[in-house]
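Report on the structure given below.
Every read-out reported here was derived from the displayed coordinates using simple, explicitly stated rules and does not represent laboratory data. Just so it is clear, the model here is predicted, and its values are computed rather than measured. Here Cβ is always computed from backbone atoms with ideal geometry, including for glycine, and neighbour counts include all displayed protein chains.
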Amino acid sequence: MRIVLHRFFAFLIIPALGYLIGATIFIHFWDIAETDDLSEASHVITAQSCVRHGPVALRGFGYWYDCRATVKNKVNGNVVTATARGFLKPELIGKDVAGTGFRRGALAPERPYQGLGGFLTLVFACLWIYVMARVANPLLKKYIPEPGERAE
C-alpha cells in the first residue's frame, strides 16, 4: 500500500502541483499591466466591468478576472469593446491601461514585468525537476539495473 501511495504522490500529485505553482508564478507577473506611462502605447484600454474566476484553474492558484473593456486605438481613433482576460482587475475600472492592440484575437497590454516572470518560472522549474527526481528516484531504482547487472 505504501508503494502505491508513493507512486500516486510522485507521478500524479507532484506534477499537477508543480504545474499549478509554476503557472501561478508566471501569470502573476504576466498579468501586471502598465497604468502609468501611456505615451508609448498604441492602444488605451479602459475596463468597464469585471467577473471573477478561480481560485484554481489552468492559470494556477488565485482569482483572475474577465473584464469588458473599451479599447481606443490612438493611431486612427477607432473605439471597440472587447473582453480582456487576466490583466484588468476591478480596481482598474475607469482607469486607462497601456495596450499594444490585439494578438491572436485577445487584448494585449504592455507587460513591463514579463521577463522577470519568465526568469522566476525558470528557476522554479529547475527546483521542481530536482524535487521530482528526488521523489521518483526510489521508485525507479528497482526498474533500472546497475551497470554490470542483468535486467530481469
If you check each cysteine of the chain for another cysteine whose beta-carbon is under 4.7 Å away, which ones come up empty?
C126
For helix 114-141, what angle does its Cα long axis make with the longest principal axis of the chain, in degrees from 0 to 90 and rounded to 10?
20 degrees
When every alpha-carbon pair in the chain is counted, what percent end up more than 18 Å apart?
67 percent
Computed over the chain: longest principal axis from alpha-carbon atoms vs helix 14-30 long axis, angle to nearest 10 degrees, is 20 degrees
I'd like the Kirkwood hydrodynamic radius of region 22-70, using the inverse of the mean 1/r over distinct C-alpha pairs, in Å.
12.4 Å
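Order by neighbour count: M132, M1, fewest other Cβ atoms within 10 Å first, most last.
M1, M132
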Of all trypsin sites (Lys or Arg not before Pro) in region 1-92, which ones are in loop regions per DSSP and have a Cβ with at most 15 other Cβ atoms within 10 Å?
K74
For a footprinting-style exposure proxy, rank C126, C67 by other Cβ within 10 Å, fewest first.
C126, C67
Round to the nearest 0.05 the FRET efficiency obtained for L127 and I93 when R0 = 30 Å and r is the Cβ-Cβ distance.
0.20
Relative compactness, region 33-110, computed as alpha-carbon Rg over 2.2 N^0.38 Å
1.07
Enter the Cα centre distance for the pair region 67-82 and region 88-130, rounded to the nearest angstrom.
20 Å
Can you tell me the FRET efficiency between T24 and R68 if r is taken as the Cβ-Cβ distance and R0 is 30 Å, rounded to the nearest 0.05?
0.75
